[in-house]
């Protein structure tokens with residue numbers, strides 16, 4: 001492997017380890033944890049980075065990774081960056097940084113997003129990425145989650161799990177404002193994480 005490919009391999013392996021540790025401990029709290037975007041994203045990131053690591057081991061030196069794996073890494077890195085954003089918002093609301101370091105939060109909320117985003121931006125350069133065409137792809141997980149969780153809250157099947165999803169305990173316009181704000185933030189993350197990849201990655 002070239003040096004940048006080796007670093008990407010190591011960082012993705014670290015993502016697997018961090019998400020694996022985090023998922024092992026958090027799922028001990030029951031399947032109810034699957035209502036959290038951070039946990040679902042952690043599951044996705046674990047398998048995407050695992051596939052990436054396996055593909056890197058199997059590919060020949062000059063052979064490019066399959067396009068599907070590249071897109072999966074983009075979606076995974078963007079989603080973990082969104083997780084980081086969500087946790088920052090929750091920390092601000094709680095006036096505490098505990099969600100970054102307590103228990104499995106350290107692995108899923110802090111370390112895995114950092115490893116994944118650094119790897120994608122700096123060490124996973126590929127000219128097959130197309131910013132205009134691929135941004136929508138990165139928004140799919142959060143869009144699907146948002147639609148489903150809002151429907152479940154509206155039907156009173158679940159309550160939350162995040163404070164901004166408590167639609168029956170806040171004015172309707174606040175729910176709309178939260179939804180629009182999160183949507184814009186996620187779009188910007190998806191756009192600029194790919195922009196920085198194309199600008200700073202070592203191809």
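Please compute the length gained on full extension between residue 181 and residue 198, using 0.36 nm multiplied by the number of residues separating them and subtracting their Cα-Cα distance. Intermediate values should be presented prior to the final figure.
Details: separation 17, 0.36 × 17 = 6.12 nm, distance 2.60 nm.
Working it through step by step, the gained length comes to 3.5 nm.
Which angle between 0 and 90 degrees, to the nearest 10, do you get for helix 3-26 versus the longest principal axis of the chain when only C-alpha atoms count?
So the inclination is approximately 30 degrees.
Measuring from label point to label point, each 7 Å out along Cα→Cβ, what is the residue 95 to residue 17 span in nm?
It works out to 3.8 nm between the two label points.
Once every DSSP H run of n ≥ 4 in the chain is given -39500 (n - 2.57) and the sum is divided by its residues, what mean residue ellipticity at 222 nm do you get, rounded to the nearest 500 deg cm²/dmol? If you can, show how the numbers build up before the last one.
Working: 7 runs with 138 residues, N = 203.
The helix contribution divided over the chain gives -23500 deg cm²/dmol.
Calculate how steeply helix 131-154 sits against the longest principal axis of the alpha-carbon atoms of the chain, using the helix alpha-carbon long axis, and give the answer as 0 to 90 degrees to the nearest 10.
The angle comes out at about 30 degrees.
Using Cα atoms only, what is the angle between the long axis of helix 172-200 and the major principal axis of the chain, expressed in degrees (0 to 90) to the nearest 10?
Once rounded, the angle reads 10 degrees.
If packing is taken as the average number of other Cβ atoms within 10 Å across a peptide's residues, how do 20-27, 47-54 rank, most packed first?
On the way: 20-27: 17.1, 47-54: 20.0.
So the order, starting with the most tightly packed, is 47-54, 20-27.
Could you bin all the Cα-Cα distances of the chain into 5 Å bins starting at 0 and give me the percent of pairs in each, rounded to whole numbers?
That works out to 1, 7, 15, 19, 19, 16, 11, 6, 3, 1, 0, 0, in percent per bin.
Every number here is computed from the coordinates shown, using simple stated rules; none is lab data. Being a predicted model, the structure only gives us computed values, none of them experimental. All Cβ positions, even for glycine, are placed from backbone atoms using ideal geometry, and neighbour counts span all protein chains on display.
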